[in-house]
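Coordinate-derived values only; no laboratory data. Fair warning: this is a prediction, and the values are worked out from it, not measured in the lab. Every residue, glycine among them, receives a Cβ derived from its backbone with ideal geometry; neighbour counts consider all protein chains shown.
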Amino acid sequence: MVAVTQTTATPSMWSKQELAEVRGSLQTEIDELNADIRRHETEIASGDVTQGAGDDQADAGAKTYEREREIALTLNARDLVAQNERAIARIDAGTYGVCESCHKPIGKERLQAFPRATLCVACKQKEERR
């Protein structure tokens, strides 16, 4: 009788080089997002309150829409920066690739597609059903 050992995916399924590449990719994205945030904040700040004096309702509405859009883009970019920083912290702590809910490995394919993932597919599906 031959003993069959069951192998499961573990964080060690990532080589140091692969983790370094993921970390570098996340850091590059953080830098790009921070540049976007600065650009959006500049555009938001440049919207002078008196600038719309004399505008009709359509112009005022369009300016308000653009300002709210810039704010939303800034908030989304900040959220992505936080997610990326969290993923980098998990890499540094040696917990990258481990589900935060069930503590089982997150599939490598999932992390390659979405490197900020903190939950395995099963736990993410459970979360979305709530």
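Tell me, in nm to one decimal, what length is gained between Ala60 and Ser15 on full extension, where the rule is 0.36 nm per residue of separation less the Cα-Cα distance? Display every interim value, and only then the final one.
Details: separation 45, 0.36 × 45 = 16.20 nm, distance 5.44 nm.
Net length gain for the segment: 10.8 nm.
As I understand it, the value is the acute angle between the Cα axis of helix 57-93 and the longest principal axis of the Cα atoms of the chain; what does it come to in degrees, rounded to 10? Rounded to the nearest ten degrees, it is 20. When the alpha-carbon atoms of region 11-96 are used, the pair Rg, Dmax equals 19.1, 64 angstrom. Across region 96-130, the residues whose backbone nitrogen lies under 18 Å from the label position 7 Å along the beta-carbon direction of Glu85 are 116-118.
With R₀ fixed at 41 Å, the C-beta to C-beta distance from Arg110 to Arg38 puts the FRET efficiency at about 0.85.
For the chain, what does the helix formula give at 222 nm: sum of -39500 (n - 2.57) over DSSP H segments with n ≥ 4, over the residue count, nearest 500 deg cm²/dmol?
-22000 deg cm²/dmol
Enumerate lysine pairs in the chain that are 8 or more residues apart or on different chains, then count those whose Cα atoms are under 22 Å apart.
Numbers: Lys16/Lys104; Lys16/Lys108; Lys104/Lys124; Lys104/Lys126; Lys108/Lys124; Lys108/Lys126.
Taking the chain as the scope, the lysine pair count is 6.
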